[in-house]
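Below: the structure, in structure tokens.
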Amino acid sequence: MTRTDDMPPAWDERTQLTTFLDYARDTARAKCEGLSDEDARRAVLPGSPLMTPSGLVNHLRWVEYYWFQVVFLGEEDEGPWTDEDPDREMRIAADFPPAQLLEEYAGQAARYRELVAAHDLDTRAKTPTRDGRHVDLRWILLHLVEETARHNGHLDILRELIDGSTGV
């Protein structure tokens, strides 16, 4: 897998935002390259049993689903989480081959690229956030860049603890 460059091909706001999100997505996938299925499911942090590479990829996938489909488009939330198990997307990742999770994440990213391209950045989400505000598409993109980049830091740590790989 080849990561995209974080330098946008154009300097407009949309291109910059989508380039950074794609770069963060590609980085998450790159950090999982070469891991065995067993290692992708390993929790190496004693205090964080759900923190696995597979769990993080599945979490990122479902976070994008939530913000684009549930919040932005106003669709019904059919995510794996429940009130009793709010982190279920991380727990169930072990039930799927890591390659499948990565493939689904990449396929979903392609669909969301089309969704973003079809809407103005000022378009407001149909579903309000917990505080009652309707964020715009620009805010969602910024939030997903932040969320994905933060979890890439977790993937950095996990990968180094699992097999010593750094700088991916």
Original post:
If one takes the longest principal axis of the Cα atoms in the chain, at what angle in degrees, from 0 to 90 and to the nearest 10, does the Cα axis of helix 98-117 lie?
Top reply: 10 degrees
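Could you tell me the relative contact order of segment 20-147? Use alpha-carbon pairs under 8 Å, at least six residues apart, and round to a whole percent. Don't jump to the answer; show the numbers that get you there.
Values: 124 pairs, mean separation 34.0, N = 128.
So the answer I get is 27 percent.
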Original post:
Just the Cα atoms of segment 84-168: what Rg and Dmax do they give in Å?
Top reply: 16.3, 45
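Tell me the carbon and sulfur percent of the accessible area for the chain, rounded to whole percent, probe radius 1.4 Å.
In the chain, the share of accessible area belonging to carbon and sulfur is 51 percent.
Summing -39500 (n - 2.57) over the DSSP H runs of n ≥ 4 in the chain and dividing by its residue number, what mean residue ellipticity at 222 nm do you reach, to the nearest 500 deg cm²/dmol?
Details: 6 runs with 88 residues, N = 168.
My calculation for the chain gives -17000 deg cm²/dmol from helical runs alone.
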Subject >> Cut-off under 5 Å, modelled amide H: who pairs with Leu121 long-range >> reply: none
Original post:
Of Ala110, Ala30, Ala93, which is the most mobile in a GNM of the chain whose springs link Cα atoms less than 10 angstrom apart?
Top reply: Ala110
**OP:** Can you tell me the 0 to 90 degree angle between the C-alpha axis of helix 137-163 and the longest principal axis of the chain, rounded to 10?
**Re:** 10 degrees
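Using the heavy atoms of the protein chains alone and a 1.4 angstrom probe, what is the accessible area of segment 1-148 per residue in square angstrom? Could you put the intermediate results ahead of the total?
Values: 7870 Å² over 148 residues.
Per residue, segment 1-148 has an accessible area of 53 Å².
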**OP:** Using DSSP to define loop residues, name the GluC sites (Glu not before Pro) in segment 1-90 whose beta-carbon has at most 14 other beta-carbon atoms within 10 Å.
**Re:** Glu33, Glu75, Glu76, Glu78, Glu84
Original post:
Equivalent-ellipsoid semi-axes (√(5λ), Cα gyration tensor) for segment 41-86, whole Å, largest first?
Top reply: 25, 12, 7
Original post:
Angle between the Cα long axis of helix 53-65 and the longest principal axis of the chain, 0 to 90 degrees, nearest 10?
Top reply: 10 degrees
Original post:
Which ³J(HN,Hα) values, rounded to whole Hz and listed in residue order, are derived for segment 30-36 from phi using the Karplus coefficients 6.51, -1.76 and 1.60 in 6.51 cos²θ - 1.76 cosθ + 1.60 with θ = phi - 60°, glycine and proline given as x?
Top reply: 4, 5, 9, 4, x, 6, 5
Original post:
Long-range amide H contacts for Asp136: which residues qualify at under 5 Å (H placed 1.01 Å from N, peptide plane, sequence gap of 5 or more or a different chain)?
Top reply: Ala125
Subject >> Radius of gyration and maximum dimension Dmax of the chain, Cα, Å >> reply: 16.1, 45
**OP:** Work out from phi, with θ = phi - 60° and the Karplus expression 6.51 cos²θ - 1.76 cosθ + 1.60, the ³J(HN,Hα) of each residue of segment 68-79, listed in order in whole Hz, and give x for Gly and Pro.
**Re:** 7, 8, 7, 6, 5, 7, x, 6, 5, 6, 10, x
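The values are calculated or read from the model by the stated rules, or taken from the named source; none is laboratory data. Predicted, not measured: the structure shown is a model, and the values here were computed from it. When we count neighbours, we look across all protein chains shown, and the Cβ atoms used for this are built from the backbone with ideal geometry, even at glycine. Please note that ligands, DNA and RNA were not included when accessible areas were found on the heavy atoms of the full protein model with its side chains. Shrake-Rupley method; radii C 1.70, N 1.55, O 1.52, S 1.80 Å.
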